[in-house]
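Derivation of every value follows stated rules applied to the coordinates shown; laboratory data play no part. Keep in mind it's a predicted model, so treat the numbers as computed, not measured. With ideal geometry, Cβ positions are generated from the backbone for all residues, glycine too; neighbour counts draw on all protein chains shown.
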Amino acid sequence: MTEHDLSEHTHHQHHEPVDPESIDWNEIYGDEAGGLWSGHVNGSLTSEVASLVPGRALDVGCGEGADALWLAERGWQVTAIDVARVAIDRARAEAANRSTDGITWIAGDLLADDVPVTGPFDLVSLQYPAFPLGRRHELSRVLRALVAAGGTLLVVGHAPPADPNDAPFDHTQWTQPDDLVCDLTAGWTIERHETVARPGSHHHGSVHSHDVILRARRTA
């Protein structure tokens, strides 16, 4: 359901160039009838929000819903959005199977004008971003506006492998935590921005062994 890893699913297995704007996520999810992701909550999310008091949360790029379900089952009121309707349908079905309430599921592009996402949120979580770098400034503006005063923005991305030749996709084509941190100046406190070993052991054999974590608190 989640554990987003572009390395497995953007057709970079042979290092062929991919236009991030051309990826059809519905097709990618549809090709994996048994589920695209592991079904486990992202380990970096669990560790980074453990000390937060549950409130309103936005899960951006929620995939098949494991992070949203984990948050809701711990008292958060969650809005979960993904561009792939196939993923949202699976997430909604899993929530019903687990009798998990408190989640609003939205199939759509967060950056589209007609998407019904209403902030502010106490937590905005973006795990392993799948936004092209060309949309970085637009994404940054929207994310910052959705965080409540005193709220947390958490962005977790893949650290590039030590050997660039092992990278199954071009990190420079996609918006990364290191890009977004540059926009968190006045009115923000950077609580954590570092590279850490990737938690968990359910990563489909990914070459990505480390995460880049950006956690920031809105102060104004």
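For a quick check: with amide H placed at 1.01 Å from N, whose amide H comes under 5 Å from His158's, ignoring anything fewer than 5 positions away on the same chain?
Val212
For region 67-140, with only Lys/Arg (+1) and Asp/Glu (-1) charged at the beta-carbon, what is the dipole magnitude about the Cα centre, in debye rounded to 20?
With Lys and Arg at +1 and Asp and Glu at -1, about 180 debye.
What is the distance, in nm, between label points placed 7 Å from the Cα along the Cα-to-Cβ direction at Arg85 and at Ala197?
Result: 4.4 nm between the two label points.
Dividing the convex hull volume of the Cα atoms of region 42-129 by its residue count, what figure in Å³ per residue is obtained?
Working: hull volume 7.5 nm³, N = 88.
Measuring per residue, one finds 85 Å³ for the Cα hull of region 42-129.
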